[in-house]
Every structure is written in C-alpha cells, then in structure tokens.
Amino acid sequence: ASRTALPRDLEGLRVVVSAGGTREPLDPVRYLGNRSSGKQGYAIARVAAQRGAEVTLVAGHTAELPPPAGVDLRHVSTAAQLRDAMQERAQDADVVVMAAAVADFRPSARAEFKIKKSDDVPDPVVTLTRNPDILAELVQKRRAGQAIVGFAAETGDERGSVLDHGRAKLARKGCDLLVVNSVGEGGAFEAEDNAGWLLAADGAERPIPRGPKAQLAATLWDAVAEFMRR
Ligand code: CTP
Ligand code: CA
C-alpha cells in the first residue's frame with residue numbers, strides 16, 4: 001500500500017459500502033454462491049476512510065481479506081441480509097456504494113434438513129426465485145443530496161459493447177455513478193487489477209485505465225467528491 005498522504009476531502013461524509021458475494025442456501029450445508037473476492041469493495045472502503053470519511057463496510061463472503069483500518073465492518077451472508085443491512089445503514093448515509101456481487105436468484109425453497117440422494121425418489125430439481133434489486137430499491141428511497149454508486153461487470157456481445165451495456169444499466173438503475181468493469185479476458189473477478197469506465201448520470205464518462213483496485217477506488221472517490229460539491 002502507498003504511504004503517500006491522501007487528501008482529506010471526504011471528511012464529514014458518512015459512507016456505506018457493500019462488498020463480496022452473497023450465498024443463497026439450498027439446505028443446511030449447501031449454497032449457491034459466486035466468485036467475488038470482495039477486493040474492490042474493500043479497497044473502496046479503505047480509501048474512503050483514508051480520505052476522512054466515516055465508513056461502514058457491509059461485507060458478504062470474500063477471499064481472506066484484512067479488515068480495512070478505521071472502518072466499521074459488518075458481515076452478512078444472504079442477499080436478504082445484505083438488503084436489510086444496506087437499507088438500515090443507507091438511511092443516514094451521504095454516499096452509498098453497491099460493490100457487492102448480489103445473487104440475482106435464490107433457491108425457491110431452503111430444505112430444513114440436508115438433501116439426501118436416494119434410489120427410491122427422483123433426483124431433485126432446483127427452482128430459483130429472483131432476489132430484490134437492492135440498488136434499485138436504494139435509488140427509490142434515496143435521501144435528498146445522497147449519492148448512490150452502482151457497479152456493473154460487463155462483457156461486450158452481439159448486442160453491444162461493454163460501454164453500451166454500461167450506459168443502459170446506468171439508465172435502468174437510476175444511480176448517480178456507475179463503475180463499469182470489463183470482464184472476460186481475465187478481467188475483474190478474483191483479479192488484482194481492474195479496468196473499465198466510470199459513467200455519471202449527467203452523461204460524463206471517464207475511462208478507468210487498467211490498474212490496481214486502490215487506483216479505481218481513488219478515481220471513484222474523486223468523482224464522488226466532485227458530485228457532492230454540486
Ligand atoms: N445489485 C443489487 N441487487 C441485486 C443485483 C444487483 O443491488 N439483486 C447491484 C449490484 O451490487 C451492482 C448493480 O446492481 O451494483 C449491478 O449489478 P449487475 O449484476 O451488473 O446487474 P443486474 O441488474 O443484476 O443485471 P444482470 O446481472 O442481468 O446484468
Ligand atoms: Ca446480476
């Protein structure tokens with residue numbers, strides 16, 4: 001980590017950041033999960049605290065990461081728990097950053113006991129139910145002057161480029177800023193580096209050059225500080 005002095009430009013701001021992946025239980029011993037390491041969200045929380053913000057980090061499941069210094073760290077597991085924690089903490093936050101990889105779906109039923117295989121009954125079929133969109137809900141309940149930042153992991157496809165998908169997601173989600181990560185070709189997930197775009201609701205777009213996750217965090221907080229001044 002760099003020891004150079006950072007600006008204290010986030011002093012007085014209350015910030016809540018989500019990070020890591022959620023786990024959706026199937027039975028007492030099994031779950032649906034994802035590969036999020038939590039590194040980007042942790043870097044965002046750490047940099048905000050270094051720049052003077054009062055930071056709560058709501059962490060789902062992550063790689064083994066040291067707790068960021070000076071940050072109030074709270075652990076959750078499922079998307080439902082993450083939603084409750086974010087709704088509670090967002091109530092008096094100036095800035096909300098949704099960097100968590102939230103499961104889009106959960107198993108429709110959670111078995112009370114471990115699911116057993118048996119030659120007498122057919123193999124189980126898992127049906128899924130859509131989870132609420134936490135970011136969209138936070139946008140709906142946004143306080144005056146509150147900044148809400150979303151994330152998107154995108155690949156280009158036949159329907160458009162990474163940037164096209166990012167612009168569409170920003171419009172759909174209604175957040176103030178959207179960090180668009182280019183994934184594929186070894187990008188983003190479990191990686192040390194990130195690259196992509198930072199899109200603002202007013203149409204401003206800045207490229208995020210490939211670099212360490214702390215560098216993306218710095219670019220993000222520069223944009224948030226600029227947004228809060230307006
Ligand atoms: N997100 C959320 N609640 C969900 C799903 C996603 O709050 N149930 C948030 C993520 O934390 C991220 C943003 O929404 O900040 C975009 O997530 P992403 O998975 O890229 O978009 P989705 O809207 O889920 O669309 P899709 O996965 O189909 O591309
Ligand atoms: Ca999703």
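Summary table
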quantity: Total residues in segment 80-137, condition within 15 Å of ligand 1 (Cβ to nearest atom), farther than 30 Å from Leu13 by Cα and among the aliphatic types (A, V, I, L, M); calculated: 1
quantity: Segment 97-127: number of residues that are open to solvent by 80 Å² or more (accessible area, probe 1.4 Å) and within 16 Å of ligand 2 (Cβ to nearest atom); calculated: 3
quantity: Some residue of segment 176-188 being open to solvent by 20 Å² or more (accessible area, probe 1.4 Å), hydroxyl-bearing (Ser, Thr, Tyr) and in a strand (DSSP E or B); calculated: yes
quantity: Flag if Trp221 is open to solvent by less than 70 Å² (accessible area, probe 1.4 Å), more than 16 Å from ligand 2 (Cβ to nearest atom) and either among the aromatic types (Phe, Trp, Tyr) or over 28 Å from Ala49 (Cα atoms) (or both); calculated: yes
quantity: Residues of segment 141-158 satisfying the condition of being surrounded by fewer than 20 Cβ atoms within 10 Å (Cβ to Cβ) and more than 12 Å from ligand 1 (Cβ to nearest atom); calculated: Lys141, Arg142, Arg143, Ala144, Gly145, Gln146, Gly156, Glu158
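The values are calculated or read from the model by the stated rules, or taken from the named source; none is laboratory data. Keep in mind the model is a prediction, meaning the values are calculated, not measured. No Cβ is skipped: glycine too gets one built from the backbone with ideal geometry, and neighbour counts run over all protein chains shown. The accessibility values were calculated without ligands, DNA or RNA, using every heavy atom of the protein model including side chains. Shrake-Rupley method; radii C 1.70, N 1.55, O 1.52, S 1.80 Å.
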